[in-house]
1. GLU253 to ARG342: extension gain in nm, 0.36 nm per residue of separation minus the Cα-Cα distance?
2. Taking the simple approach of a point 7 Å from Cα along Cα-to-Cβ for both ASP49 and SER155, what is their distance in nm?
3. Defining a contact as two alpha carbons under 8 Å apart and six or more residues distant in sequence, what relative contact order in percent does the chain show?
4. Per residue and in Å³, how big is the convex hull formed by the alpha-carbon atoms of the chain?
5. Would you please give the residues with an amide H less than 5 Å from that of GLY154, counting only those at least 5 places away or on a separate chain, with H modeled from the backbone geometry?
6. Please report the projected area of the range 254-346's Cα convex hull averaged over all directions, in nm².
7. Please give the per residue volume of the convex hull enclosing the alpha carbon atoms of the range 81-192, rounded to a whole number of Å³.
8. How do PHE144, PHE94, PHE315 line up, fewest other C-beta atoms within 10 Å first?
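The numbers here are math on the coordinates, done by the rules we state, and not lab data. Predicted model only: the values in this text are computed from it and were never measured. Here the Cβ positions follow ideal geometry from the backbone for every residue, glycine too, while neighbour counts run over all protein chains shown.
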Amino acid sequence: MRTEFLKACKGEKTEYTPIWIMRQAGRYLPEYHTVRSKGTFLELCKSPDRAAEVTLQPVDILGVDAAILFSDILVPLEKMGAPLEFQEKRGPVFPNPIRDQAAVNALGIPDPEEDLGYVMETIRILRKELADKVPLIGFSGAPFTLATYLIEGGSSKNYLTTKRMMYEAPELYSQLLDKITECTIVYLKGQAAAGAQALQIFDSWVGVLAPCDYREFARPYVERIIKALKEVTDIPLIYFANNGATLLDQTRECGADVLGFDWRIELDEAVRRVGPNISIQGNMDPLALFLPEDKLEARVRRVLEQAKGARGHIFNLGHGIVPEASPAKAKLLVDLVHRISREMRG
Ligand code: CP3
C-alpha cells in the first residue's frame, strides 16, 4: 500500500507530496455517471458494491494517494429520524426541518452497524479492494454544518433560521447540537472500527460564523468529537473548516492531526500559524483546474513552495472539484504534484 498520505498526516518524511481531491468520486467523471444512472444518489450511497466501485474510480483513473468513502455527510441525519431527499435542481432537502423542542426530542442516535450498516459494509469491501493500493478516508460533517441542513431544511444563503435559533433559543440549539455530536461520535467510531484509516470532519459552512460565535456555537462540539475519537483510535483526524481563515487561531486548538484549508488564505501563513505540531491539507482553488497547463503548473509549484515549512502537507483543492472540471486536467494535477514535489526534495 502507498503510505505517503498517512505519513504526511502524522508529520513523517515523505518521498513526494501525497494528493487526494475533495469530491474526487463524482459528476466530473463519465465513469461515475455510468454507475449513478442506475438509480438515485441515495440508492447509490446505500448499495455497498456500487458505492465501493465509485470510490475506487478516482484511485484508478487519477492515481490519487487516498480513497475517500463514497457517501454523504447527511446520510446519518436521515437515520436520526429526519427524512432526506436529494432533488435534482435543489440538492439536499429535509422536508421536516428541526425547529422546535418536539422535533429535537424525537431525534434518535443511530447505531452504526444496525442503522448505517451499508456504510460499514462499503468500508469493509473497500479495505479488501484497496489492500495493495492506498489508504481509505472515512468522514462525517461537523455538528454546526449538519445542524444548518436540519434547521434550514436544506442548503441556505444566509443561515437566518440557524442563527435565529442560536440567538433566540440557545438551549434548544445546544440540545440539537448535543444530539448531532453524539450521533457523529458513534458514527465515526463505527467507521474506524470497520476499517477507515483516517477520518475527515467537514465543516463546510462554519465560515459564516463570527469568531466569537464559532467559540460558543460550533467549536465545543468539534472538540468533543475529536477527544472522544482520540480515546479509542490513533488514526489521523482531519478537520476542514471551509472559509475558516478567520477561525484559525481556534481551529488549531481543536485537537486534529491535520487542518484542511481553502484557497482564501495563503498557505505559508497557515503553516506559520498552525505551528510545528499539525499537518496541513489544501489548498488550490478548485477553479484553478481551468487554467492552461503552464499556469496550472506554476500554481501547483506555488502551493508546494508555500507548504514547505509544514510538519506535513497533503495536497488538495480548497473545496470540492466541480462537475464541469476535466478529468484529464485532474489527472495532470495529480502528476504535477507528484513530479514537482519529488524534484523539490531531490
Ligand atoms: O468523493 C468524495 O468526496 C466522497 C463523497 C462525498 C459526497 N459528498 C458525494 C456527493 C462527500 C465527502 C460529500 C460531503 C458533503 N456532502 C459535504 C461536505 C463537503 C463540501 O462539499 O463542503 C456537503 C456540504 C454535502 C452535502 C451535499 N451533498 C450537497 C450540498 C449536495 C448537492 C450539491 C452538490 O454539490 O452536488 C450533495 C450531493 C452529492 N454528494 C453528490 C455527490 C457525488 C452529487 C449527487 C449526484 O450524483 O447527483
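1. Fully extending the segment from GLU253 to ARG342 adds 28.9 nm.
2. 3.3
3. Normalised by residue count, the contact order of the chain is 22 percent.
4. Here the figure is 121 Å³ per residue.
5. Long-range HN contacts for GLY154: PHE94.
6. Approximately 6.1 nm², given one-decimal rounding.
7. So the per-residue hull volume is 121 Å³.
8. Taking fewest neighbouring Cβ atoms as first place, the list is PHE94, PHE144, PHE315.
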